Amino acid sequence: MVLRDLLVYAQAHNAKVMHYSDDSGLEADAVYQMADGRYALIEIKTGANAIPAAEQGLLKFYSLIQEHNRKAKANINHPKPVYREPSLLIIICANAPIAYTTENGVHVIPVGCLKD
């Protein structure tokens, strides 16, 4: 249901919704990318008890992007691509009691609060 809603919003905003996973176990349930390249990493959870683990997963993903960019910028002889960092880290939760932002800047949104 959440992915369906994200796809509808994406169509209205000329955006894309994708999934990310790699062979190292890094994943995001959804990547919401705007036409200008800005994007949000999104985890979708059914229970509020899963929020802390989802937050840690998003923060790890963000940290790996930052570390890659530091290494890429430090090596002028063998430059690597520098990746755009996510604009937002979001957890959409079916039964979160309220919308809030964690101390680490991750936005927790109850599924009932999704709207254009």
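The values are calculated or read from the model by the stated rules, or taken from the named source; none is laboratory data. Fair warning: this is a prediction, and the values are worked out from it, not measured in the lab. We place every Cβ from the backbone using ideal geometry, glycine too, and count neighbours over all the protein chains shown. The area values use the complete protein model at the heavy-atom level, side chains included, leaving out ligands, DNA and RNA. Shrake-Rupley method; radii C 1.70, N 1.55, O 1.52, S 1.80 Å.
Out of the residues in the stretch 1-34 that are touching a residue at least 12 places away in the same chain (Cβ under 8 Å) and part of a helix (DSSP H, G or I), state the one that is nearest to residue 111 (Cα to Cα). So the residue we want is 2. Scan the stretch 59-69 for residues that are under 18 Å from residue 102 (Cβ atoms), out of contact with any Pro (no Cβ under 7 Å at 6 or more places or on another chain) and surrounded by 14 or more Cβ atoms within 10 Å (Cβ to Cβ) and the total you get is 2. Residues that are within 16 Å of residue 60 (Cβ to Cβ) and among the charged types (D, E, K, R) were ranked within the stretch 26-44; the one that is least open to solvent (accessible area, probe 1.4 Å) is 43.
There is no residue in the stretch 71-78 that is without any contact (Cβ under 8 Å) to a residue 24 or more places away in the chain and closer than 25 Å to residue 113 by Cα. Looking across 37, 57, one residue alone is part of a helix (DSSP H, G or I), of a type in the set (Gly, Ala, Ser) and either under 13 Å from the mean Cα position of the chain (by Cα) or closer than 29 Å to residue 80 by Cα (or both). It is 57. When you check residue 97 against the structure, is it assigned to a loop (DSSP other than H, G, I, E, B), closer than 26 Å to residue 9 by Cβ, of a type outside the set (Gly, Ala, Ser) and touching a Leu at 6+ places or on another chain (Cβ under 9 Å), yes or no? Spelling it out, it is not the case that residue 97 is assigned to a loop (DSSP other than H, G, I, E, B), closer than 26 Å to residue 9 by Cβ, of a type outside the set (Gly, Ala, Ser) and touching a Leu at 6+ places or on another chain (Cβ under 9 Å).
Table: residues versus (1) at pLDDT below 95; (2) under 20 Å from residue 102 (Cα atoms); (3) open to solvent by 60 Å² or more (accessible area, probe 1.4 Å); (4) touching an Asp or Glu at 6+ places or on another chain (Cβ under 8 Å).
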residue: 13; (1), (2), (3), (4): yes, no, yes, no
residue: 17; (1), (2), (3), (4): no, no, no, no
residue: 24; (1), (2), (3), (4): yes, no, yes, no
residue: 49; (1), (2), (3), (4): no, yes, yes, no
residue: 57; (1), (2), (3), (4): no, yes, no, yes
residue: 71; (1), (2), (3), (4): yes, no, yes, no
residue: 78; (1), (2), (3), (4): yes, no, yes, no
residue: 81; (1), (2), (3), (4): yes, no, yes, no
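Considered as a group, the residues in the stretch 100-116 that are in a loop (DSSP other than H, G, I, E, B) and at pLDDT 95 or above include one that is surrounded by the most Cβ atoms within 10 Å (Cβ to Cβ), and that residue is 106.
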